[in-house]
1. Can you say whether residue 295 is over 27 Å from residue 387 (Cβ atoms), out of contact with any strand residue (DSSP E or B) (no Cβ under 9 Å at 6 or more places or on another chain) and of a type in the set (Gly, Ala, Ser), as far as the supplied structure shows?
2. Take the residues of the range 234-257 that are of a type in the set (A, V, I, L, M) and more than 10 Å from the chain's Cα centre (by Cα): which is farthest from residue 208 (Cα to Cα)?
3. Residue check, residue 360 against (1) crowded, with 17+ Cβ neighbours inside 10 Å; (2) not in a strand (DSSP E or B), all met but one. Which one?
4. Filter the range 67-98 for residues that are out of contact with any Leu (no Cβ under 9 Å at 6 or more places or on another chain) and among the charged types (D, E, K, R); which is surrounded by the fewest Cβ atoms within 10 Å (Cβ to Cβ)?
5. Scan the strands (runs of 3 or more DSSP E) fully inside the range 210-284 and keep the ones with 2 or more residues being surrounded by fewer than 24 Cβ atoms within 10 Å (Cβ to Cβ) and of a type in the set (Lys, Arg).
6. If you take the residues of the range 363-386 that are surrounded by 15 or more Cβ atoms within 10 Å (Cβ to Cβ), of a type outside the set (A, V, I, L, M) and assigned to a loop (DSSP other than H, G, I, E, B), which of them is nearest to the chain's Cα centre (by Cα)?
7. Here is a list of conditions, (1) surrounded by fewer than 20 Cβ atoms within 10 Å (Cβ to Cβ); (2) over 21 Å from the mean Cα position of the chain (by Cα); (3) touching a residue at least 12 places away in the same chain (Cβ under 8 Å), and residue 129 meets all of them except one; can you say which number that is?
8. Given the condition farther than 20 Å from residue 267 by Cβ and in contact with a strand residue (DSSP E or B) (Cβ under 9 Å, 6 or more places away or on another chain), answer yes or no: does some residue in the range 326-334 qualify?
Amino acid sequence: MLDPHAAHRPVPVAVLRILVVLTTVAAALGGTATDGSAAPFPGALTAGPELFVAPTGDDANPGSIDQPLSSLHRAVELATPGTTIQLRAGTYAPGTNIRIMKDGTAAQPYTITAYRGEQVLLDGENLPHTPAPVDGSIPNLERGVLHIEADFWRIVDIEIANGPYAIFCRDCNNNLFDRLVTRDNYESGLQIQGAASNNQVINLDSYGNRDPRKNGESADGLAIKEGSGAGNLVRGVRLWNNSDDGFDAWEFLSPITIEDSVAWGNGFNRWNLPDYTGDGNGWKLGGGDEDLPAGHVVRNSIAFDNAVGGFIDNANPGRLVLDRNTAWRNGRVGFDLADADAELTRNLAVQNPTPALTGTSTSTGNSWDLGGDWPLASTDPSRITGPRTADGEIPSSDFLRPANGADIGARL
């Protein structure tokens, strides 16, 4: 298993980070979605008015770069559609969470970002429920360092830690979460639920999240759960060392698309929580009290060294699609799609006690269909788990690619 402390937040060099903010993000926000439709974030990152916030600022200031505000609370209050809130370097430790309850528009979205790639940490340790008591509950509005019930917001290039969730997004649509780090929170790093559509989670790193109040059962790296809504996209995320699962789509009844992503090391009790109940899957693709169907899609993604499963349907009977994914060295099973009506093509399972459980799913061209041994070009995860590239992507490597060059499994 990997050392849980071996991977740290990727920090590209300062000049490259500045270029990323000024060019790459702006291009991404004006790009197209996976299905070819227009992405909901046109225009440059700073196309509208700007407000500046700094740890040394004052909320009586006008919020200019020379006279910044001191709190994100005040900046959110003052912002109008199209405003970009620029956070200057430093740690912000609010005593109450930041509640985002007003909508932008497709033409004038709101943005919260680090100024020119400076290092910004929103530290939620001073908030209530850090942690909540065992079997306790967290009131809806107190969930998240950022609590979002709004549309057309862009949260870009900041780190959020030690909160009762880092970001909790309920009944929220057309939002972008780009190049965030959500770590060491007392619930899931980023959770989207309720009536939620057309949200994009891009190049997220979410790790070390745990929930003492449920003995590890609920804290995932990324959760899109308990709701419905079309067009939600997950791309380029890394989810590791979370107490429950890397990704959880429990009771989310509309298709979610997942691409080019990795989940590892989830489901181990790294915090000595009593009566530990973490599930330990890389990608949990549904499930629920009624096990209603949802046709999630997972392409070109990896699950390795998770406590239990790599990719599991969790009793979701829906039309799941899994194409060119890789499961390696998970604790019990690589691909568990025994309950789904799934389509499995060109997936690779190596060194899992059980390669795949497919039930009545369609299984074509996968490693277990083809048989034989599958030596790997590399089992060294250091590049894929190390610093991201200058544009925020997961570095490319031969990690877990078939040594024979077969067109099967993920290519990251």
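1. Details: over 27 Å from residue 387 (Cβ atoms): yes; out of contact with any strand residue (DSSP E or B) (no Cβ under 9 Å at 6 or more places or on another chain): no; of a type in the set (Gly, Ala, Ser): yes.
No; evaluated as a whole, the condition is false for this residue.
2. We begin by selecting, within the range 234-257, every residue of a type in the set (A, V, I, L, M); these are 234, 237, 239, 249, 253, 256.
Still in the list and also more than 10 Å from the chain's Cα centre (by Cα): 249, 253, 256.
Numbers: 249: 19, 253: 27, 256: 24 Å.
Checking each candidate, the answer is 253.
3. Here residue 360 meets the rest and fails (1).
4. 77
5. On the way: elements: 222-228, 232-235, 238-240, 256-259, 262-264, 281-284.
Answer list for the range 210-284: none.
6. Out of the qualifying residues, it is 385.
7. (1)
8. We begin by selecting, within the range 326-334, every residue farther than 20 Å from residue 267 by Cβ; these are none.
No: the range 326-334 contains no residue that is farther than 20 Å from residue 267 by Cβ and in contact with a strand residue (DSSP E or B) (Cβ under 9 Å, 6 or more places away or on another chain).
Read-outs: derived from the displayed coordinates by stated rules, not from any lab. On a predicted model such as this, the values are computed, not experimentally measured, just so you know. FYI the Cβ positions are ideal-geometry reconstructions off the backbone, even for glycines, and counts take in every protein chain you see.
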